[in-house]
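Chemist: First, the structure itself, so that you have it in front of you.
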(Lines give C-alpha, C1' and ligand atoms only; values in the text may rest on other atoms or scores of the structure.)
Protein backbone atom coordinates (compact mmCIF):
# COMPACT_ATOMS: atom_id res chain seq x y z
CA UNK A 1 0.00 0.00 0.00
CA UNK A 2 1.01 3.59 -0.60
CA UNK A 3 0.94 6.34 2.01
CA UNK A 4 0.30 9.54 0.03
CA UNK A 5 0.99 12.83 1.84
CA UNK A 6 -0.21 16.25 0.71
CA UNK A 7 1.53 19.01 2.72
CA UNK A 8 -0.53 22.17 2.33
CA UNK A 9 -0.29 25.54 4.03
CA UNK A 10 -3.15 24.78 6.43
CA UNK A 11 -3.30 20.98 6.67
CA UNK A 12 -1.23 17.90 5.98
CA UNK A 13 -3.51 15.30 4.42
CA UNK A 14 -2.59 11.63 4.50
CA UNK A 15 -4.15 8.93 2.34
CA UNK A 16 -3.53 5.19 2.30
CA UNK A 17 -4.07 3.59 -1.10
CA UNK A 18 -4.47 -0.09 -1.79
CA UNK A 19 -3.66 0.03 -5.50
CA UNK A 20 -6.06 2.75 -6.71
CA UNK A 21 -8.53 2.55 -3.83
CA UNK A 22 -8.28 5.16 -1.07
CA UNK A 23 -8.72 3.11 2.11
CA UNK A 24 -7.88 5.63 4.86
CA UNK A 25 -7.70 9.42 4.97
CA UNK A 26 -6.77 11.77 7.83
CA UNK A 27 -5.33 15.22 8.51
CA UNK A 28 -2.90 17.03 10.78
CA UNK A 29 -2.57 20.80 11.01
CA UNK A 30 0.47 22.16 9.21
CA UNK A 31 1.19 25.25 11.27
CA UNK A 32 1.85 23.53 14.58
CA UNK A 33 5.60 23.04 15.03
CA UNK A 34 6.33 19.36 15.57
CA UNK A 35 9.46 17.29 16.07
CA UNK A 36 10.14 14.20 13.98
CA UNK A 37 9.05 12.04 16.93
CA UNK A 38 5.75 13.92 17.22
CA UNK A 39 5.03 13.52 13.51
CA UNK A 40 6.02 9.87 13.54
CA UNK A 41 4.02 8.97 16.64
CA UNK A 42 0.90 10.82 15.50
CA UNK A 43 0.92 9.26 12.05
CA UNK A 44 1.68 5.82 13.45
CA UNK A 45 -1.03 6.12 16.08
CA UNK A 46 -3.70 7.15 13.56
CA UNK A 47 -2.70 4.41 11.13
CA UNK A 48 -2.96 1.82 13.89
CA UNK A 49 -6.32 3.19 14.98
CA UNK A 50 -7.54 2.86 11.38
CA UNK A 51 -6.36 -0.74 11.20
CA UNK A 52 -3.31 -0.13 8.99
CA UNK A 53 -0.12 -1.85 10.17
CA UNK A 54 3.27 -0.29 9.37
CA UNK A 55 4.30 -3.46 7.58
CA UNK A 56 1.49 -2.96 5.07
CA UNK A 57 2.94 0.36 3.87
CA UNK A 58 5.14 -0.34 0.85
CA UNK A 59 6.06 3.23 -0.03
CA UNK A 60 5.48 6.86 0.94
CA UNK A 61 5.21 9.75 -1.52
CA UNK A 62 4.94 13.41 -0.48
CA UNK A 63 3.81 16.50 -2.39
CA UNK A 64 4.64 19.60 -0.34
CA UNK A 65 4.39 23.37 -0.63
CA UNK A 66 5.73 23.96 2.91
CA UNK A 67 9.50 23.40 2.97
CA UNK A 68 9.77 24.25 6.67
CA UNK A 69 8.03 21.09 7.86
CA UNK A 70 9.74 18.64 5.54
CA UNK A 71 12.82 17.83 7.62
CA UNK A 72 10.84 16.79 10.69
CA UNK A 73 8.06 15.10 8.70
CA UNK A 74 10.40 13.02 6.56
CA UNK A 75 12.54 12.01 9.53
CA UNK A 76 9.42 11.06 11.48
CA UNK A 77 8.24 8.85 8.61
CA UNK A 78 11.67 7.23 8.29
CA UNK A 79 11.87 6.58 12.04
CA UNK A 80 8.34 5.30 12.64
CA UNK A 81 6.96 4.13 9.27
CA UNK A 82 10.32 2.65 8.27
CA UNK A 83 10.21 4.04 4.72
CA UNK A 84 12.28 6.66 2.93
CA UNK A 85 9.68 9.02 1.45
CA UNK A 86 9.75 9.97 -2.22
CA UNK A 87 9.16 13.72 -2.67
CA UNK A 88 7.48 15.13 -5.78
CA UNK A 89 9.86 17.63 -7.36
CA UNK A 90 12.12 18.36 -10.29
CA UNK A 91 12.86 15.09 -12.06
CA UNK A 92 9.76 13.26 -10.84
CA UNK A 93 8.05 11.44 -13.71
CA UNK A 94 4.54 12.85 -13.98
CA UNK A 95 3.62 12.77 -17.65
CA UNK A 96 2.88 16.51 -17.42
CA UNK A 97 4.89 18.99 -19.50
CA UNK A 98 5.24 22.29 -17.66
CA UNK A 99 4.92 24.73 -20.55
CA UNK A 100 5.33 27.85 -18.43
CA UNK A 101 8.08 30.47 -18.10
CA UNK A 102 9.67 28.92 -15.00
CA UNK A 103 8.64 25.29 -14.43
CA UNK A 104 10.52 25.18 -11.10
CA UNK A 105 8.04 27.69 -9.68
CA UNK A 106 5.06 25.36 -10.14
CA UNK A 107 4.10 23.90 -6.76
CA UNK A 108 4.05 20.14 -6.27
CA UNK A 109 0.36 20.30 -5.34
CA UNK A 110 -0.48 21.90 -8.67
CA UNK A 111 1.54 19.30 -10.53
CA UNK A 112 -0.21 16.34 -8.91
CA UNK A 113 -3.59 18.04 -9.32
CA UNK A 114 -2.82 18.28 -13.04
CA UNK A 115 -1.80 14.61 -13.10
CA UNK A 116 -5.10 13.63 -11.49
CA UNK A 117 -7.15 15.99 -13.61
CA UNK A 118 -5.96 14.66 -16.94
CA UNK A 119 -5.47 11.10 -15.69
CA UNK A 120 -8.99 10.72 -14.30
CA UNK A 121 -11.01 13.04 -16.51
CA UNK A 122 -8.97 13.50 -19.68
CA UNK A 123 -7.95 16.75 -21.30
CA UNK A 124 -8.23 19.57 -21.85
CA UNK A 125 -9.00 20.20 -18.20
CA UNK A 126 -9.05 23.18 -15.84
CA UNK A 127 -8.33 22.08 -12.28
CA UNK A 128 -9.48 24.39 -9.48
CA UNK A 129 -8.10 23.74 -6.00
CA UNK A 130 -9.89 25.60 -3.22
CA UNK A 131 -7.10 25.59 -0.64
CA UNK A 132 -5.43 28.31 1.43
CA UNK A 133 -5.02 29.93 -1.98
CA UNK A 134 -7.38 29.07 -4.82
CA UNK A 135 -5.53 27.87 -7.88
CA UNK A 136 -6.72 27.40 -11.46
CA UNK A 137 -4.50 25.25 -13.70
CA UNK A 138 -5.11 24.61 -17.39
CA UNK A 139 -3.82 21.36 -18.88
CA UNK A 140 -4.23 20.69 -22.60
CA UNK A 141 -5.22 17.40 -24.18
CA UNK A 142 -1.59 16.37 -24.70
CA UNK A 143 -0.72 16.89 -21.01
CA UNK A 144 0.84 20.35 -21.27
CA UNK A 145 0.42 22.59 -18.21
CA UNK A 146 0.00 25.89 -20.04
CA UNK A 147 -1.53 28.41 -17.63
CA UNK A 148 -1.95 29.04 -13.91
CA UNK A 149 -4.06 31.55 -11.99
CA UNK A 150 -3.72 32.11 -8.23
CA UNK A 151 -6.13 34.01 -6.01
CA UNK A 152 -6.62 34.38 -2.23
CA UNK A 153 -8.60 31.50 -0.79
CA UNK A 154 -12.05 32.14 0.62
CA UNK A 155 -10.79 31.67 4.18
CA UNK A 156 -8.03 34.25 3.63
CA UNK A 157 -10.71 36.65 2.40
CA UNK A 158 -12.82 35.92 5.46
CA UNK A 159 -9.90 36.37 7.86
CA UNK A 160 -9.08 39.72 6.28
CA UNK A 161 -12.69 40.82 6.62
CA UNK A 162 -12.94 40.33 10.36
CA UNK A 163 -9.33 40.98 11.38
CA UNK A 164 -9.00 44.25 9.49
CA UNK A 165 -12.28 45.75 10.67
CA UNK A 166 -13.16 46.94 14.17
CA UNK A 167 -16.74 45.75 14.47
CA UNK A 168 -17.20 42.81 12.12
CA UNK A 169 -17.27 39.43 13.93
CA UNK A 170 -15.67 36.11 13.03
CA UNK A 171 -18.31 34.06 11.23
CA UNK A 172 -19.00 30.62 9.82
CA UNK A 173 -18.31 30.48 6.09
CA UNK A 174 -21.52 29.29 4.48
CA UNK A 175 -23.87 30.35 1.73
CA UNK A 176 -26.95 32.20 3.00
CA UNK A 177 -30.33 31.49 1.43
CA UNK A 178 -30.42 34.91 -0.21
CA UNK A 179 -27.89 37.55 -1.20
CA UNK A 180 -30.36 40.13 0.15
CA UNK A 181 -28.97 40.04 3.69
CA UNK A 182 -30.64 41.87 6.57
CA UNK A 183 -28.12 41.39 9.39
CA UNK A 184 -24.35 41.70 9.82
CA UNK A 185 -23.44 38.01 9.88
CA UNK A 186 -25.57 37.12 6.86
CA UNK A 187 -24.32 40.16 4.96
CA UNK A 188 -20.74 39.01 5.48
CA UNK A 189 -21.58 35.46 4.40
CA UNK A 190 -23.36 36.78 1.32
CA UNK A 191 -20.44 38.97 0.32
CA UNK A 192 -17.89 36.21 0.85
CA UNK A 193 -19.67 33.28 -0.78
CA UNK A 194 -21.65 34.96 -3.56
CA UNK A 195 -18.64 37.16 -4.31
CA UNK A 196 -16.43 34.09 -4.54
CA UNK A 197 -18.89 32.29 -6.80
CA UNK A 198 -18.75 35.33 -9.08
CA UNK A 199 -14.95 35.22 -9.12
CA UNK A 200 -14.92 31.55 -10.06
CA UNK A 201 -17.45 31.97 -12.84
CA UNK A 202 -15.64 34.96 -14.32
CA UNK A 203 -12.19 33.31 -14.22
CA UNK A 204 -13.50 30.12 -15.84
CA UNK A 205 -15.21 32.22 -18.53
CA UNK A 206 -12.02 34.22 -19.24
CA UNK A 207 -9.82 31.09 -19.33
CA UNK A 208 -12.10 29.55 -21.96
CA UNK A 209 -12.27 32.80 -23.89
CA UNK A 210 -8.54 33.59 -23.97
CA UNK A 211 -7.35 30.01 -24.48
CA UNK A 212 -9.91 29.32 -27.20
CA UNK A 213 -10.62 25.97 -25.52
CA UNK A 214 -14.35 25.98 -24.94
CA UNK A 215 -14.71 22.23 -24.40
CA UNK A 216 -12.43 21.93 -21.36
CA UNK A 217 -13.64 19.98 -18.35
CA UNK A 218 -13.62 21.97 -15.11
CA UNK A 219 -12.73 19.86 -12.08
CA UNK A 220 -12.57 21.16 -8.52
CA UNK A 221 -11.11 19.99 -5.24
CA UNK A 222 -10.10 21.44 -1.88
CA UNK A 223 -11.69 22.08 1.50
CA UNK A 224 -14.31 24.78 0.97
CA UNK A 225 -14.79 23.93 -2.68
CA UNK A 226 -17.98 22.02 -1.97
CA UNK A 227 -19.74 25.27 -0.96
CA UNK A 228 -18.82 26.88 -4.29
CA UNK A 229 -19.29 23.84 -6.52
CA UNK A 230 -22.87 23.27 -5.46
CA UNK A 231 -23.76 26.83 -6.39
CA UNK A 232 -22.49 27.17 -9.96
CA UNK A 233 -22.82 25.27 -13.20
CA UNK A 234 -19.34 26.16 -14.51
CA UNK A 235 -17.75 23.31 -12.49
CA UNK A 236 -18.32 19.85 -13.96
CA UNK A 237 -17.19 17.73 -11.02
CA UNK A 238 -15.95 18.07 -7.45
CA UNK A 239 -13.50 15.49 -6.06
CA UNK A 240 -12.28 16.17 -2.51
CA UNK A 241 -9.52 13.57 -2.87
CA UNK A 242 -8.12 14.76 -6.21
CA UNK A 243 -4.70 15.80 -4.85
CA UNK A 244 -4.16 12.50 -3.04
CA UNK A 245 -5.20 10.64 -6.17
CA UNK A 246 -2.71 12.74 -8.12
CA UNK A 247 0.07 11.66 -5.76
CA UNK A 248 -0.99 8.04 -6.20
CA UNK A 249 -0.97 8.35 -10.00
CA UNK A 250 2.41 10.11 -9.90
CA UNK A 251 3.75 7.25 -7.79
CA UNK A 252 2.51 4.74 -10.35
CA UNK A 253 4.16 6.69 -13.18
CA UNK A 254 7.41 6.86 -11.20
CA UNK A 255 7.41 3.10 -10.68
CA UNK A 256 6.94 2.49 -14.39
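The values are calculated or read from the model by the stated rules, or taken from the named source; none is laboratory data. If you're wondering where the values come from, they're calculated on a predicted model, not measured in any experiment. Glycine gets a Cβ as well: all are built from the backbone with ideal geometry, and neighbour counts include every protein chain shown.
Chemist: Mind telling me which of the residues 69, 16, 52 ends up being assigned to a strand (DSSP E or B) and either modelled with pLDDT of 95 or more or surrounded by 13 or more Cβ atoms within 10 Å (Cβ to Cβ) (or both)?
Modeler: 16
Chemist: Restricting to region 72-97, name every residue that is farther than 17 Å from residue 254 by Cα and exposed (fewer than 15 other Cβ atoms within 10 Å of the Cβ). Talk me through it step by step, then tell me what you get.
Modeler: Quick first cut of region 72-97, residues farther than 17 Å from residue 254 by Cα only: 72-82.
Once the filter is applied, which keeps residues that are farther than 17 Å from residue 254 by Cα and exposed (fewer than 15 other Cβ atoms within 10 Å of the Cβ), region 72-97 yields 79, 82.
Chemist: Continuing with this model, one more query. Could you check region 74-97 and list, in sequence order, the residues that are touching a residue at least 60 places away in the same chain (Cβ under 8 Å), touching a strand residue (DSSP E or B) at 6+ places or on another chain (Cβ under 6 Å) and part of a loop (DSSP other than H, G, I, E, B)?
Modeler: Within region 74-97, 83, 85, 88 meet the criteria.
Chemist: Being touching a residue at least 24 places away in the same chain (Cβ under 8 Å) and surrounded by 13 or more Cβ atoms within 10 Å (Cβ to Cβ) is the filter here, so list the residues in region 19-28 that pass it.
Modeler: Let us first name the residues in region 19-28 that are touching a residue at least 24 places away in the same chain (Cβ under 8 Å), namely 20, 22-26.
The answer is 22, 23, 24, 25, 26.
Chemist: Looking only at region 29-38, decide whether some residue is touching a residue at least 60 places away in the same chain (Cβ under 8 Å), outside the structural domain of residue 241 (by TED's automatic domain parsing), on the phi < 0 side of the Ramachandran plot and not in a loop (DSSP other than H, G, I, E, B).
Modeler: Step one: filter region 29-38 for residues touching a residue at least 60 places away in the same chain (Cβ under 8 Å), giving none.
Checked against the condition, which is being touching a residue at least 60 places away in the same chain (Cβ under 8 Å), outside the structural domain of residue 241 (by TED's automatic domain parsing), on the phi < 0 side of the Ramachandran plot and not in a loop (DSSP other than H, G, I, E, B), region 29-38 yields no hits at all.
Chemist: Further, regarding this structure: Do any strands (runs of 3 or more DSSP E) lying entirely in region 98-153 carry at least 2 residues that are surrounded by fewer than 24 Cβ atoms within 10 Å (Cβ to Cβ) and touching a helix residue (DSSP H, G or I) at 6+ places or on another chain (Cβ under 8 Å), and which ones are they?
Modeler: 133-139, 144-152
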